[in-house]
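Taken together, the values in this text are just the output of simple stated rules run on the coordinates, not laboratory data. Values in this document were obtained by computation on a predicted structure and should not be read as measured data. Ideal geometry is used to build each Cβ from the backbone, glycine not excepted, and the neighbour counts take in all protein chains shown.
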Amino acid sequence: MAAAAAAAEALSRVADVEIDGGGVFKYVLVRVRAAGGPGKDVVRGHGWAEYHADIYEQTARELAQQGLGCECLGGGRLSHRPEERKIHVYGYSVGFGRADHSVTTEKLKTKYPDYEITWADEGY
């Protein structure tokens, strides 16, 4: 039971959303799991990444240090316009496929409740 509690605690410390403060950039939707325990989906998006895999690999390394595993559910792009309080979710990852943008949008709405957040399956 102690291991399960520790796993749940580690999972609770993982931020649901970590994205750049503005710009257009790639993102991945990642399912994080504690060993043998529950999981949750998180959004990671950064402008420094040339490929979606760059973001996923860094995320996987950070999670492994906390004893957590993960899998990439897909990717896309984010257009984050903080001056307009808008985020648009679209596109796909060639390597990982299209993330479920509706899931990503809900995660973003929780983190940015005063934003207008939209999504579309079109575009790359």
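Comparing ASP100, ASP114, ASP54, which has the greatest mean-square fluctuation in the GNM of the chain with Cα pairs linked when under 10 Å apart?
Sorting by GNM fluctuation, first place goes to ASP114.
Per q in 0.14, 0.19 Å⁻¹, report the Debye log10 I(q)/I(0) for the chain, using one uniform scatterer on each alpha carbon and no solvent.
-0.57, -0.97
State which stretch of the chain is the longest one without any exposed trypsin sites (Lys or Arg not before Pro), exposure meaning a DSSP loop state and at most 15 other Cβ atoms within 10 Å.
14-84
Count the DSSP beta bridges whose two residues both fall in region 33-124, then state the antiparallel fraction as a percent rounded to the nearest 5.
Antiparallel bridges make up about 65 percent of those DSSP assigns within region 33-124.
Search the structure for amide H atoms under 5 Å from the amide H of ARG77, placed 1.01 Å from N in the peptide plane, and list their residues when 5 or more places away or on another chain.
TYR27, TYR90, GLY91, TYR92
Any chance you could tell me what percent of the C-alpha pair distances in region 8-54 go past 15 Å?
Value for region 8-54 (Cα pairs over 15 Å): 48 percent.
Using Cα pairs under 8 angstrom and six or more residues apart, how large is the relative contact order of the chain, in percent? All intermediate terms of the calculation are to be shown ahead of the outcome.
Details: 262 pairs, mean separation 29.9, N = 124.
Worked out over the chain, it gives 24 percent.
Please give the helix 52-65 orientation as an angle from the longest Cα principal axis of the chain, in degrees from 0 to 90, rounded to the nearest 10.
30
Just to confirm the filter: which GluC sites (Glu not before Pro) across region 48-124 are DSSP coil and have at most 13 other Cβ within 10 angstrom of their Cβ?
Values: sites: GLU50, GLU57, GLU62, GLU71, GLU83, GLU84, GLU106, GLU116, GLU122; in loops: GLU50, GLU122.
Within region 48-124, the qualifying GluC sites (Glu not before Pro) (loop, at most 13 other Cβ atoms within 10 Å) are GLU50, GLU122.
Cα atoms only, region 51-116: Rg and Dmax in Å?
Calculated on Cα positions, Rg and Dmax stand at 13.3, 38 Å.
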